[in-house]
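Take a look at the structure below.
The values are calculated or read from the model by the stated rules, or taken from the named source; none is laboratory data. As the structure is a prediction and not an experimental result, all values here were calculated from the model. So basically every Cβ, Gly included, is an ideal-geometry build from the backbone, and we count neighbours across all protein chains shown. Each accessible area value is taken on the protein alone, full model and side chains, heavy atoms only, with ligands, DNA and RNA left out. Shrake-Rupley method; radii C 1.70, N 1.55, O 1.52, S 1.80 Å.
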Amino acid sequence: MPIYEKLMGNPFVDVGVCGICEWLGRNVQPEQVTVTDLEQVVDEIAPMMQTAVGWKNLHGIFPNSVLTNAAYRKQDQVELLKKECQGYLDTILELAEVGDCMGCGRRPANTWLSRTNIPLTGSGKLRNFYPTFAEGAGYCSACAFAIQLSPLTFMATGGKFLTLHSNSWKALRSWARVCIDDVRQQQLQQEIIGCHNPGYANPRNGLFYMAREMMVRFQEVRTDENVTMQVYCFTNYNQGPELEIFYMPAPVFKFLRIVYQGQYKTEWQKIVRSGYVVNWAKVKSEDDYKNRTNRVYENLLRDRSILSSFLYRGRRKTRGNWDLLSLYLKEVRTMEQTQLDKIKQVGDLIADSIKESGRDRRLNQLERARSYGECRNILRYVIRDRIQQGAPEPLFSIDDYMEYLFPPSASFDATPWRETRDLLLFRIYETLHDWLQEQGFVDFDEDNTSDGDAPSETQSTMED
Ligand SMILES: [Zn+2]
């Protein structure tokens, strides 16, 4: 009978098991891990996982433990930790079908632990995040052991910790590898600082950093897997434990997965950068903005559209191309290919008509439309222009209009006309940007402007 299995359900246990497997070797799976392996892991980790050596952030994970309580400082803390772990290893029970352990639900709880050993659990007068006001929780020895090693896969973030949970073992494993690689590096260089800490104090940005690192460095997560990410941002300090949960839906994960491993990476970075409200002229390094609120990230996590971030209205330019935008709309916004094709076709015809007119009047009008009624009126003008220009085909059929451009919604006011208008603008900018610039319809010197949004543009984007 194995000691562990993949994804037993408790986030701290699962990342602990993941870290143990990754420490033992790239291909080691939970079902293969033996007591001897676990003893080896403790022997290797214990000398490093001490505040005296440099792993200082343990106070926020296991307060009052043999590693952090001042009362133990005069003793050999490495030996104390080893002894504690050996105690768990000596009492591991057979994995069964059911049990009352809080970690696996597969074994009887044979140890009662407080927040000293299990983050966010109750203890004495501090109830913390625990139901029924119990002073601790029952775990089996195997789960208790795994949790002691979970800091191997935590990411430190502004005094708190981010820990990942996912429905995909491979995703968890990819993240564990990022953290373990860092810890091994610290060990090699004899410069122990503790949990992986890339300097993100903003947990939402930290979550996207996690996703990016997992995707860029490792190919094992397939794009057709429905991977979700839950990230727990917590502290377990004596003074006040905290917990906040962030959730990345499967479609967003899949979209990012394709973006980071494909040809869209550079363009996507521009879109992400546009999400920071920051004066780019004063930015010297990533540290100057990486912890600021990012509108693109916030909107992705809140299931709001990021379409406007693909548009650089001030320059009448796009960020990314139609293919990248289509990918986002299909994967995240579940838009149909036929609708995208139709909008693209209409955008192209409007661009042709604007170019033939030699003026940017219709573009101005479309950009400034403030209501569905105004937007429809402008399209009517374009239809009239095209008749005058002798265009052989209509701009669109009534069926296209009803089905793809402005599909019916609960009420006239709720018609998502802005989305269609912005898609048309995107396609027009993409097709006509060079021409608009040649004609002097984009009035600034492109080379002297930075990549970010000008404050005025940010304002207008938010008003839309
Ligand atoms: Zn258990």
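Here the Karplus relation 6.51 cos²θ - 1.76 cosθ + 1.60, evaluated at θ = phi - 60°, turns the backbone of the range 341-358 into coupling constants of 4, 5, 5, 4, 4, 5, x, 5, 5, 5, 4, 4, 5, 4, 4, 5, 5, x Hz, with x for every Gly and Pro.
For the range 11-248, what is the accessible area per residue in Å², given a 1.4 Å probe and the full set of protein chains?
In whole numbers, the range 11-248 has 41 Å² accessible per residue.
Once both labels are positioned 7 Å from their Cα atoms along Cα-to-Cβ, the gap between residue 189 and residue 381 label points is 6.0 nm. Using Cα-Cα distances under 8 Å and only pairs 6 or more residues apart, what relative contact order does the chain have, in percent? The value is 12 percent. Of the peptides 256-264, 238-246, the ranking by mean beta-carbon count within 10 Å, highest at the top, reads 256-264, 238-246. Between residue 337 and residue 170, residue separation times 0.36 nm minus the direct Cα-Cα distance comes to 57.1 nm.
Net charge dipole, the range 1-129: roughly 740 debye, given to the nearest 20, about the Cα centre with Cβ charges of +1 for Lys and Arg and -1 for Asp and Glu.
Where only DSSP H runs of four or more residues are counted, the chain gives -13500 deg cm²/dmol as its mean residue ellipticity at 222 nm, each run worth -39500 (n - 2.57). Using a probe radius of 1.4 angstrom, the carbon and sulfur fraction of the accessible surface of the range 271-320 is 41%. Ranking 337, 310, 285 by Cα position along the charge dipole of the range 261-381, where only Lys, Arg, Asp and Glu carry charges on their C-beta atoms, puts 285 farthest toward the positive end. Using the average count of surrounding beta-carbon atoms within 10 Å as a protection proxy, the listed peptides 381-388, 146-153, 420-427, 338-345 rank, highest first, as 146-153, 420-427, 338-345, 381-388.
If the limit is 23 Å between Cα atoms, which of 317/344; 317/355; 290/330; 317/342 go over it? Going by Cα-Cα distance, 290/330 fall outside the 23 Å limit. Taking a straight line from the alpha carbon of residue 284, these lysines sit under 23 Å away, with near neighbours fewer than eight places off in the same chain left out: 265, 270. Return the distance in nm (one decimal) between the two label points of a simple spin-label model at residue 80 and residue 364, each offset 7 Å from Cα along Cα→Cβ. Roughly 7.6 nm, to one decimal.
Ellipsoid fit via the Cα gyration tensor, the chain: semi-axes of 55, 23, 19 Å, each the root of five times an eigenvalue, largest first. Helix 322-331 and the longest principal axis of the C-alpha atoms of the chain enclose an angle of approximately 50°. Its Cα centre serving as origin, the range 11-248 has a Cβ charge dipole (Lys and Arg +1, Asp and Glu -1) of approximately 660 debye. Multiplying the residue separation of residue 261 and residue 39 by 0.36 nm and subtracting their alpha-carbon distance yields 76.1 nm.
The accessible surface of the range 11-248, taken with every protein chain in place and a 1.4 Å probe, is 51 percent carbon and sulfur.
Taking a ≥ b ≥ c as the square roots of the eigenvalues of the Cα gyration tensor of the range 12-63, is the shape rounded (a/c under 1.5), prolate (a/b larger than b/c) or oblate? Prolate, since a/c reaches 1.5 and a/b exceeds b/c.
Computed on the range 277-372, with alpha-carbon pairs under 8 angstrom and 6+ residues apart, the relative contact order is 10 percent.
Fully extending the segment from residue 399 to residue 439, taken as 0.36 nm per residue of separation minus the present Cα-Cα distance, adds 10.9 nm.
When only C-alpha pairs under 8 Å and at least 6 residues apart count, what is the relative contact order of the range 11-248, in percent?
With pairs under 8 Å counted, the relative contact order is 23 percent.
How big is the charge dipole of the chain about its Cα centre, in debye rounded to the nearest 20, if each Lys and Arg gets +1 on its Cβ and each Asp and Glu gets -1 on its Cβ?
Computed about the Cα centre, the dipole is about 820 debye.
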